[in-house]
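Peer 1: Here's a structure for you.
The values are calculated or read from the model by the stated rules, or taken from the named source; none is laboratory data. In this text the structure is predicted, and so the values were computed from the model without any measurement. Glycine also receives a Cβ, built like all others from the backbone with ideal geometry; neighbour counts cover every protein chain displayed. What goes into the accessible areas is simple: the full protein's heavy atoms, side chains included, and nothing from ligands, DNA or RNA. Shrake-Rupley method; radii C 1.70, N 1.55, O 1.52, S 1.80 Å.
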Amino acid sequence: MAYRELINKIFNKGKEKMEDLEVYIESSKQIEIKIFKGEIDKYSISESGGLSLRGIHNGKMGYSYTEKIDESSIDMIVNEAYENAKYIDTEDKEEIFKGSDGYKEINSYGEELSATSIEEKIDLVKKLEIEALSLDERVTSIQQCGYKEFDKSRYIVNTKGVDLSDRLNGAGIYIVVIAKDGDDIKTGMGFRMIRDISQIDYKAIAKEAVDEAISSLGAKPIRSNSYPSVIKNLVFADLLDSFISVFSSDYIQKGMSLLKDKVGTKVASPLLTIVDDPYLKEGFIRGFDDEGTKTTYKKIIDKGVLTTYLYNWKTAKKDGVESTGNGARGSYKSSLSISPTNFYIEKGNNTFEELIESIERGVYITDVAGLHSGLNPISGDFSLSASGYEIIDGKINRPINQITIAGNFFEVLNNIDAIGNDLKFGFPNLGYFGSPSIKLNNISVSGE
């Protein structure tokens with residue numbers, strides 16, 4: 001490893017003041033391309049990285065970090081970690097992890113993506129814009145059309161034997177179109193996450209965005225009522241993302257999740273199984289978490305029964321269990337937290353058409369707004385501005401907008417009547433969230 005000599009010097013210096021130490025080094029590169037009217041509107045390549053140190057002194061964990069990955073930083077980061085541990089005000093005892101018994105050999109790096117030239121990536125985004133504008137004369141302009149790529153390496157080495165490294169890359173291509181009919185204006189979005197550009201069907205992405213915008217033209221509110229509903233796969237994935245804290249042991253231990261003391265009990269419809277899968281082929285593959293713990297496939301909810309929370313080692317020790325391999329850092333500057341990997345609802349047996357056909361009068365929700373302000377992750381209550389379609393006699397009847405859907409996340413999990421087979425993942429955040437379309441027995445809709 002290129003950093004071996006530096007890490008050894010940090011450990012030698014740190015051992016003079018602290019019992020155990022861990023060095024985490026991260027380097028990342030991002031490429032961003034935006035196209036507007038056939039021209040390059042933005043093209044940037046940015047690189048960042050740094051080193052963080054964790055050290056144990058009298059059972060307390062101290063943190064420090066630096067952007068300068070060289071010997072000039074050694075004294076500073078060792079002293080800062082020591083002072084931090086000495087004065088930190090907590091009763092929690094922490095340890096540096098000694099390492100897992102074995103790690104699965106995986107390939108988390110797409111060589112095809114890194115080998116593709118910048119010119120090919122720019123050309124792909126231009127084709128996407130041209131295709132979207134050609135599909136319907138009511139598509140008057142493109143709000144956004146772009147490409148983002150990341151390439152991230154990390155190293156975790158500690159004085160208890162952990163010595164790990166990996167490299168992960170991926171990219172996303174997206175478009176937002178604007179459709180206009182008279183004074184009525186609507187937008188539609190299409191996107192894909194990719195690890196091999198040759199596998200991308202840009203025409204399908206453009207069609208998705210255009211179909212969404214065109215089919216929403218002429219939308220009007222619907223009468224207020226409680227309706228059977230189908231929630232679009234990406235909307236339910238966003239809902240799952242927004243309520244992810246309810247599955248975190250950190251929030252459980254702080255009394256900020258109603259799932260406290262519910263492991264082993266029924267918390268959802270028996271149709272529902274939620275999985276955290278770090279090895280998902282189509283997802284972002286990680287063989288170990290940011291603490292050096294091997295990752296594992298696990299069912300968080302299995303046929304309606306809560307089986308576990310998400311743990312790092314700090315919260316696992318409090319509950320007397322093993323870490324689930326979900327220790328995470330937002331970056332090398334961040335302290336250790338908890339995050340899922342590829343977190344999704346298992347697909348069911350129903351096609352999307354079957355879900356719609358099963359409703360005599362109801363709604364199909366395709367978009368929600370206000371996920372950061374219109375929900376309470378502690379109580380589970382949400383009230384969200386929404387749009388979608390009215391369903392009459394098992395068919396999509398007309399677009400609807402200016403409505404509000406309201407409910408409670410925990411009640412929604414128990415209110416699931418059927419699950420589609422159209423599993424799809426949204427844009428990644430601190431985890432990668434997916435869901436099929438979900439049919440609910442009813443949801444409260446406020447309209448006209």
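Peer 1: Can you tell me which residue within the range 18-29, out of those that are charged (D, E, K, R) and more than 31 Å from the chain's Cα centre (by Cα), is surrounded by the most Cβ atoms within 10 Å (Cβ to Cβ)?
Peer 2: Result: 20.
Peer 1: Out of curiosity, is residue 196 open to solvent by 10 Å² or more (accessible area, probe 1.4 Å) and without any contact (Cβ under 8 Å) to a residue 60 or more places away in the chain?
Peer 2: Values: open to solvent by 10 Å² or more (accessible area, probe 1.4 Å): yes; without any contact (Cβ under 8 Å) to a residue 60 or more places away in the chain: no.
Here the answer is no, as residue 196 does not meet what is asked.
Peer 1: Something else about it: Only residues that are under 12 Å from the mean Cα position of the chain (by Cα) and either open to solvent by less than 10 Å² (accessible area, probe 1.4 Å) or not hydroxyl-bearing (Ser, Thr, Tyr) (or both): list them for the range 239-254, please.
Peer 2: Answer for the range 239-254, where residues must be under 12 Å from the mean Cα position of the chain (by Cα) and either open to solvent by less than 10 Å² (accessible area, probe 1.4 Å) or not hydroxyl-bearing (Ser, Thr, Tyr) (or both): 239, 240, 241, 243, 244.
Peer 1: Only one residue in 230, 246 is in contact with a Lys or Arg (Cβ under 6 Å, 6 or more places away or on another chain) and over 30 Å from residue 42 (Cα atoms). Which one?
Peer 2: 230
Peer 1: Need the failing condition index for residue 231 against (1) open to solvent by 50 Å² or more (accessible area, probe 1.4 Å); (2) under 24 Å from residue 446 (Cα atoms); (3) within 21 Å of the chain's Cα centre (by Cα), just the number.
Peer 2: (1)
Peer 1: For residue 163, state whether it is open to solvent by 20 Å² or more (accessible area, probe 1.4 Å) and closer than 30 Å to residue 23 by Cα.
Peer 2: yes
Peer 1: Is it the case that the range 28-36 has a residue that's over 24 Å from residue 152 (Cα atoms), touching a residue at least 60 places away in the same chain (Cβ under 8 Å) and not in a helix (DSSP H, G or I)?
Peer 2: Among the residues of the range 28-36, at least one is over 24 Å from residue 152 (Cα atoms), touching a residue at least 60 places away in the same chain (Cβ under 8 Å) and not in a helix (DSSP H, G or I), which makes the answer yes.
Peer 1: Let me ask something additional. Quick one: which residue in 69, 77 is part of a loop (DSSP other than H, G, I, E, B), out of contact with any Lys or Arg (no Cβ under 7 Å at 6 or more places or on another chain) and either hydroxyl-bearing (Ser, Thr, Tyr) or touching a residue at least 24 places away in the same chain (Cβ under 8 Å) (or both)?
Peer 2: Values: 77 fails: part of a loop (DSSP other than H, G, I, E, B).
Residue meeting the stated conditions: 69.
Peer 1: Go through (1) surrounded by 14 or more Cβ atoms within 10 Å (Cβ to Cβ); (2) part of a helix (DSSP H, G or I) for residue 86 and report which single condition fails.
Peer 2: Unmet condition: (1).
Peer 1: Filter the range 287-343 down to the residues that are under 19 Å from residue 264 (Cα atoms), in a loop (DSSP other than H, G, I, E, B) and of a type outside the set (Asp, Glu) and list them by number.
Peer 2: Selection gives 297, 303, 304, 307, 308, 309, 311, 320, 321, 323, 324.
Peer 1: Can we say residue 93 is touching a Lys or Arg at 6+ places or on another chain (Cβ under 8 Å), at pLDDT below 95, open to solvent by 70 Å² or more (accessible area, probe 1.4 Å) and not hydroxyl-bearing (Ser, Thr, Tyr)? Full working, then the answer.
Peer 2: On the way: touching a Lys or Arg at 6+ places or on another chain (Cβ under 8 Å): yes; at pLDDT below 95: yes; open to solvent by 70 Å² or more (accessible area, probe 1.4 Å): yes; not hydroxyl-bearing (Ser, Thr, Tyr): yes.
When the stated conditions are applied, residue 93 passes them.
Peer 1: Now for a different question. Considering every residue within the range 392-410, establish whether at least one is within 26 Å of residue 209 (Cα to Cα), assigned to a loop (DSSP other than H, G, I, E, B) and out of contact with any strand residue (DSSP E or B) (no Cβ under 8 Å at 6 or more places or on another chain).
Peer 2: Checked against the condition, which is being within 26 Å of residue 209 (Cα to Cα), assigned to a loop (DSSP other than H, G, I, E, B) and out of contact with any strand residue (DSSP E or B) (no Cβ under 8 Å at 6 or more places or on another chain), the range 392-410 yields at least one hit.
Peer 1: When you go through 287, 325 one by one, which is the residue that is surrounded by fewer than 20 Cβ atoms within 10 Å (Cβ to Cβ) and either of a type in the set (Phe, Trp, Tyr) or within 20 Å of the chain's Cα centre (by Cα) (or both)?
Peer 2: Residue meeting the stated conditions: 287.
Peer 1: Still on this model: Can you run down the residue pairs with Cβ atoms below 7 Å, 6 or more apart or on separate chains, where the first is in the range 301-318 and touching a residue at least 60 places away in the same chain (Cβ under 8 Å) and the partner is open to solvent by less than 10 Å² (accessible area, probe 1.4 Å) and among the aromatic types (Phe, Trp, Tyr)?
Peer 2: Close Cβ pairs satisfying both conditions: 309/247; 310/247.
Peer 1: Can you find a residue in the range 260-277 that is farther than 30 Å from residue 166 by Cβ, open to solvent by less than 10 Å² (accessible area, probe 1.4 Å) and not small (Gly, Ala, Ser)?
Peer 2: The answer is yes; a qualifying residue exists.
Peer 1: Any chance the range 361-373 includes a residue that's touching a helix residue (DSSP H, G or I) at 6+ places or on another chain (Cβ under 8 Å), open to solvent by 70 Å² or more (accessible area, probe 1.4 Å), at pLDDT below 95 and not in a strand (DSSP E or B)?
Peer 2: Yes, there is a match, as at least one residue in the range 361-373 is touching a helix residue (DSSP H, G or I) at 6+ places or on another chain (Cβ under 8 Å), open to solvent by 70 Å² or more (accessible area, probe 1.4 Å), at pLDDT below 95 and not in a strand (DSSP E or B).
A quick yes/no check of all residues on (1) modelled with pLDDT of 95 or more; (2) surrounded by 20 or more Cβ atoms within 10 Å (Cβ to Cβ); (3) not β-branched (Val, Ile, Thr):
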position: 4; (1), (2), (3): no, no, yes
position: 9; (1), (2), (3): yes, no, yes
position: 12; (1), (2), (3): yes, no, yes
position: 16; (1), (2), (3): yes, no, yes
position: 31; (1), (2), (3): yes, no, no
position: 39; (1), (2), (3): yes, no, yes
position: 42; (1), (2), (3): yes, no, yes
position: 46; (1), (2), (3): yes, no, yes
position: 51; (1), (2), (3): yes, yes, yes
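Peer 1: With respect to residue 227, determine if the residue is outside any loop (DSSP other than H, G, I, E, B), at pLDDT 95 or above, among the aromatic types (Phe, Trp, Tyr) and closer than 30 Å to residue 95 by Cα.
Peer 2: Details: outside any loop (DSSP other than H, G, I, E, B): yes; at pLDDT 95 or above: yes; among the aromatic types (Phe, Trp, Tyr): yes; closer than 30 Å to residue 95 by Cα: no.
In short, no.
Peer 1: For residue 58, are the conditions met, namely being modelled with pLDDT under 95, open to solvent by 50 Å² or more (accessible area, probe 1.4 Å) and under 25 Å from the mean Cα position of the chain (by Cα)?
Peer 2: Considered against the rule, which asks whether it is modelled with pLDDT under 95, open to solvent by 50 Å² or more (accessible area, probe 1.4 Å) and under 25 Å from the mean Cα position of the chain (by Cα), residue 58 comes out as no.
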